[in-house]
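Asks: Got a structure for you, questions after.
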Amino acid sequence: MTTLENPQLNQPSSIYVPEPAEIIKMAKLTEMEMHYELRLADGRPLGQDPGQFVQVSLLGVGECPISLCSSPTRPETFELCIRRVGKVTECLHRLSEGDTIGIRGPLGHGFDVNEMHGKDILIVAGGLGIAPARSLIQYILDERERFGRFFLLYGGRTPQELLFKDDVVRWRENPDVDFHVTVDQPDSGWRGKSGVVTTLFRELPKLDPNETLAVIIGPPIMFKFVVLEILSRRIPQTSIYCSLERQMKCGVGKCGHCQVNNIYVCQEGPVFKYAQLKALRESVE
Amino acid sequence: MLDRIVEKNELLELVDELSRERTIIGPVPREEHYFYEAVKNVRELDLGFNYCVYSPKAFLFPPTETLFRFEAQDGSFGATPVLEDRPQAFVGVHPCDINAIRLLDRAFSRDHADEHYLSRRGATFIIGIDCPKACIEGVFCVDMKSNNAEEGFDIMCYPLEDDGKGQVVYGVMFGTKAGREWILYHQAGRAPSVKDERDFKQYQRQKEQAFPRSIPYDVDTLPDLLERSYDSLLWEATARRCYSCGSCNLSCPTCYCFDVYDELDMTLTSGERKREWDGCQLPGFALVAGDHNFRGKAASRLRHRIYRKGKWVREREGISGCVGCARCDRACTAKISSIEIYNQLAEEV
Ligand SMILES: Cc1cc2nc3c(=O)[nH]c(=O)nc-3n(C[C@H](O)[C@H](O)[C@H](O)COP(=O)(O)OP(=O)(O)OC[C@H]3O[C@@H](n4cnc5c(N)ncnc54)[C@H](O)[C@@H]3O)c2cc1C
Ligand code: SF4
Ligand code: FES
């Protein structure tokens, strides 16, 4: 196709205009989080890397950044997990299957899966961090033979607040992943482990510092403790990935809201190497 | 090298003719100060202005603008981008503000190009007027190396002769093809003579003496200086006075941060997504859900602003984020002064 035949080119375009996507399925995960399965209106796969995000729009309400929680190895649809905390997310929770929302993306830099191939992978996810982590977890499980050992540690506050409970059950049974889950505050029905996510490191076998890539995704408070655990296993700083959260308005490196020192999280991130972050002040403080 | 010699009156005649195809925006006196305004009559312009309270940034990147219009009726989804490309001309822009526009040009065109800024910018003709001396006490454009503009204008006018009564002879340099064609098509002025070139050299020599320096180091070392001053008490000590009002951001010719929001029409079925200037000195700028604020203290916000201007923007775009116009210093009720901060940094090492 020559460029002239493309009618889009004669239309004014804008990086801020979202494209429509249909909600195929919606499922309540907890009181706070809703799981969405979506498809772009033109049917094309989103083509994300694990760890990337999209800007989700409700016309008339606003826009907010949300991580992809599904892997590009499952291209028919893409999935989001959204916690309701404010204006846009509240309204998103009130939608129904068949409704249309706006999507911009995939945006930002996700995980470098090529670098991960052949390595042992350790993922540590806390709270809502399991959502972005899930895009990578699915990827690894779908391309399992390309990775070494796979360890997954997941910590939630209470059993009720654990996300993707169906996946949690499946991961427990799945021999392809060495999976451990814990909650800070167990209730009477909880049969699993309790304690903060770092206590799960006891469950891990000896890690090979040169062959392991570690991924940390969770609230800032968790980050410090987990990174210490990982460093204490002599895994180099260049082998630790983490994902940052910031206020984001544009998602394309303009509005300045996501800036951490000289880095725009929406562009260079949200996934970073710890070695890179360490030099950045304010990154996890 | 000069391209042309044009007298002010002739330039204004050309601008008058230009006003048939372009909105003319230039310095207009309002009580004691000058402001960039769109004018109906070129006689309203005063090209001998000292400085304008704000830069012409707002005509390229307005305080609020519509990004797209949408229809949000049940099920349907339509969004039409709104791009503004009405021809306009900035008449009388000083080098500091031209350098600020160059920075905006880079920031908005890198990676994901921002069509909203770029379409306005593409429709803008810029006539620069050089400053033979510092326009007002307190500016430090010379220290920021931005009191000369190498590019970013269509033509630049150097006031080689000024009788102080309104008769001015400009040495004109072309910055773009459009600028060259505009002058040559109208056969305005005359070709520069050997004497004109000599006068221009003399003008530049005098200019070098006419900008007092205010910073005791070369600005190229500022990024390093900042690098070493992250934990200085200077930030906290200065920011104690800060009201976090954001006036410094508002007055800055290179600030381009913004917020995005939706506005519904009365019918609630259609509306606009808009953007609005935002400022990194405002307390909520780096707040995220869960009330976690990554720059919760005025000191960290002040440091962010100075680093952004003095180091990060410069490292990213290759152009200083501060052009030394001192508008932030003049805007600040708390008398927080960037020039004072740059000076205090020199004592840090
Ligand atoms: C890269 C990235 C990935 C993300 N992934 C996910 C995900 O997968 N799932 C998910 O649920 N969330 C995710 N988030 C967080 C999500 O973007 C926010 O929760 C969302 O923006 C909230 O929008 P809202 O309109 O619902 O809330 P808002 O109404 O904007 O406010 C919610 C809260 O945000 C804060 N806030 C935001 N802006 C301001 C402001 N200008 N002034 C004051 N307070 C403000 C306040 O603390 C407020 O309580 C992600 C964020 C980023 C940056
Ligand atoms: S103008 Fe002055 S008081 Fe207001 S935010 Fe800027 S530095 Fe603080
Ligand atoms: S979100 Fe706007 S610059 Fe990153």
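The values are calculated or read from the model by the stated rules, or taken from the named source; none is laboratory data. Since the structure is predicted, the reported quantities are computational estimates derived from the model, not experimental observations. As a convention, Cβ positions derive from the backbone with ideal geometry for all residues, glycine included, and neighbour counts pool all protein chains shown. Surface accessibility is based on the protein's heavy atoms, side chains included, excluding ligands, DNA and RNA. Shrake-Rupley method; radii C 1.70, N 1.55, O 1.52, S 1.80 Å.
Asks: Tell me, yes or no, whether region A:50-65 has at least one residue that is more than 25 Å from B:Arg275 (Cβ to Cβ), away from ligand 3 (no atom under 16 Å from the Cβ), under 15 Å from the mean Cα position of the chain (by Cα) and open to solvent by 20 Å² or more (accessible area, probe 1.4 Å).
Replies: No.
Asks: Another question, if that's okay. What's the number of the condition B:Leu287 fails, among (1) free of Cβ contacts under 8 Å to residues at least 12 places away in the same chain; (2) open to solvent by less than 50 Å² (accessible area, probe 1.4 Å); (3) within 16 Å of ligand 3 (Cβ to nearest atom)?
Replies: Only one criterion in (1) free of Cβ contacts under 8 Å to residues at least 12 places away in the same chain; (2) open to solvent by less than 50 Å² (accessible area, probe 1.4 Å); (3) within 16 Å of ligand 3 (Cβ to nearest atom) is unmet by B:Leu287, namely (2).
Asks: What about B:Gln202, is it over 21 Å from the mean Cα position of the chain (by Cα) and either outside any loop (DSSP other than H, G, I, E, B) or not assigned by TED's automatic domain parsing to the domain that holds B:Asn50 (or both)?
Replies: yes
Asks: I need every pair where a residue in region A:78-98 that is more than 21 Å from B:Tyr261 (Cβ to Cβ) has its Cβ under 6 Å from the Cβ of a residue that is within 16 Å of ligand 3 (Cβ to nearest atom), sequence separation at least 6 or different chains.
Replies: Here the result reads A:Leu80/A:Ile66, each pair linking region A:78-98 to a residue that is within 16 Å of ligand 3 (Cβ to nearest atom).
Asks: Okay, next question. Scan region A:238-260 and report the pairs whose first residue is within 9 Å of another protein chain (Cβ to nearest Cβ) and whose second residue is hydroxyl-bearing (Ser, Thr, Tyr) and away from ligand 2 (no atom under 16 Å from the Cβ), with Cβ atoms within less than 7 Å and a gap of 6+ or a chain change.
Replies: A:Gly253/A:Tyr264; A:Cys258/A:Tyr264; A:Val260/A:Ser283
Asks: Additional query: Filter region A:153-167 down to the residues that are under 16 Å from the mean Cα position of the chain (by Cα) and assigned to a helix (DSSP H, G or I) and list them by number.
Replies: A:Asp167
A quick yes/no check of all residues on (1) under 21 Å from B:Gln206 (Cα atoms); (2) out of contact with any Cys (no Cβ under 6 Å at 6 or more places or on another chain); (3) buried (at least 20 other Cβ atoms within 10 Å of the Cβ):
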residue	(1), (2), (3)
B:Arg69	no, yes, no
B:Glu84	no, yes, no
B:Phe90	no, yes, yes
B:Ala107	no, yes, yes
B:His116	no, yes, yes
B:Ile126	no, yes, yes
B:Ile136	yes, yes, no
B:Val142	yes, yes, yes
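Asks: Just checking, which of B:Asp218, B:Asp265 is without any contact (Cβ under 8 Å) to a residue 40 or more places away in the chain, farther than 28 Å from B:Val53 by Cα and surrounded by fewer than 20 Cβ atoms within 10 Å (Cβ to Cβ)?
Replies: Testing whether each residue is without any contact (Cβ under 8 Å) to a residue 40 or more places away in the chain, farther than 28 Å from B:Val53 by Cα and surrounded by fewer than 20 Cβ atoms within 10 Å (Cβ to Cβ) leaves just B:Asp265.
Asks: For residues in region A:260-285 being modelled with pLDDT of 90 or more and in a helix (DSSP H, G or I), which is nearest to ligand 3 (Cβ to nearest atom)?
Replies: Among those that are modelled with pLDDT of 90 or more and in a helix (DSSP H, G or I), it is A:Cys266.
Asks: Something else now. Looking at B:Cys141, B:Cys135 in this structure, which one is closer than 15 Å to B:Val323 by Cβ, in contact (Cβ under 8 Å) with a residue 40 or more places away in the chain and in contact with a Gly (Cβ under 7 Å, 6 or more places away or on another chain)?
Replies: B:Cys141
Asks: So, of the residues in region A:241-259 that are more than 16 Å from B:Ser300 (Cα to Cα) and near ligand 3 (Cβ under 7 Å from one of its atoms), which turns out to be most open to solvent (accessible area, probe 1.4 Å)?
Replies: Per the stated criteria, the residue is A:Lys249.
Asks: Also, quick follow-up: Only residues that are among the acidic types (Asp, Glu) and assigned to a loop (DSSP other than H, G, I, E, B): list them for region A:175-190, please.
Replies: A:Asp176, A:Asp184, A:Asp187
Asks: Evaluate the following for B:Arg275: is it within 25 Å of the chain's Cα centre (by Cα), assigned to a helix (DSSP H, G or I) and surrounded by 17 or more Cβ atoms within 10 Å (Cβ to Cβ)?
Replies: no
Asks: Hey, another quick one. Output the residue which, of all residues in region B:268-314 that are in contact with a Gly (Cβ under 6 Å, 6 or more places away or on another chain) and more than 8 Å from every other protein chain (Cβ to nearest Cβ), is nearest to ligand 1 (Cβ to nearest atom).
Replies: Checking each candidate, the answer is B:Leu282.
Asks: Which residue is farthest from B:Arg314 (Cα to Cα), if the candidates are limited to region B:247-258 and must be away from ligand 3 (no atom under 16 Å from the Cβ) and open to solvent by less than 10 Å² (accessible area, probe 1.4 Å)?
Replies: The qualifying residue farthest from B:Arg314 (Cα to Cα) is B:Ser251.
Asks: Go through (1) touching a strand residue (DSSP E or B) at 6+ places or on another chain (Cβ under 8 Å); (2) modelled with pLDDT under 90 and name the single condition A:Met248 misses.
Replies: The one condition A:Met248 does not meet is (2).
Asks: Only one of B:Tyr203, B:Tyr230 is touching a strand residue (DSSP E or B) at 6+ places or on another chain (Cβ under 9 Å), hydroxyl-bearing (Ser, Thr, Tyr) and in contact (Cβ under 8 Å) with a residue 40 or more places away in the chain. Can you tell me which?
Replies: Just a single option satisfies the conditions, and that option is B:Tyr203.
Asks: Another question, then. Looking at region B:287-306, can you tell me whether even one residue there is more than 30 Å from A:Ile15 (Cβ to Cβ) and assigned to a loop (DSSP other than H, G, I, E, B)?
Replies: Within region B:287-306, one or more residues are more than 30 Å from A:Ile15 (Cβ to Cβ) and assigned to a loop (DSSP other than H, G, I, E, B).
Asks: Can you spot a residue in region A:206-229 that is within 16 Å of ligand 3 (Cβ to nearest atom), over 26 Å from A:His117 (Cβ atoms), part of a loop (DSSP other than H, G, I, E, B) and under 20 Å from the mean Cα position of the chain (by Cα)?
Replies: No, region A:206-229 contains no residue that is within 16 Å of ligand 3 (Cβ to nearest atom), over 26 Å from A:His117 (Cβ atoms), part of a loop (DSSP other than H, G, I, E, B) and under 20 Å from the mean Cα position of the chain (by Cα).
Asks: Every residue in region A:100-152 that is touching an Asp or Glu at 6+ places or on another chain (Cβ under 9 Å), charged (D, E, K, R) and part of a helix (DSSP H, G or I), please.
Replies: Listed by number, the residues that qualify are A:Arg134, A:Arg144.
Asks: Any chance region B:101-108 includes a residue that's more than 14 Å from chain A (Cβ to nearest Cβ) and either closer than 16 Å to A:Ile15 by Cα or under 14 Å from the mean Cα position of the chain (by Cα) (or both)?
Replies: Within region B:101-108, one or more residues are more than 14 Å from chain A (Cβ to nearest Cβ) and either closer than 16 Å to A:Ile15 by Cα or under 14 Å from the mean Cα position of the chain (by Cα) (or both).
Asks: Let me ask something else about it. Would you check which residues across region A:91-128 are within 14 Å of chain B (Cβ to nearest Cβ), open to solvent by less than 10 Å² (accessible area, probe 1.4 Å) and either under 18 Å from A:Leu162 (Cβ atoms) or within 16 Å of ligand 2 (Cβ to nearest atom) (or both) and list them?
Replies: Of everything in region A:91-128, just one residue is within 14 Å of chain B (Cβ to nearest Cβ), open to solvent by less than 10 Å² (accessible area, probe 1.4 Å) and either under 18 Å from A:Leu162 (Cβ atoms) or within 16 Å of ligand 2 (Cβ to nearest atom) (or both), namely A:Gly126.
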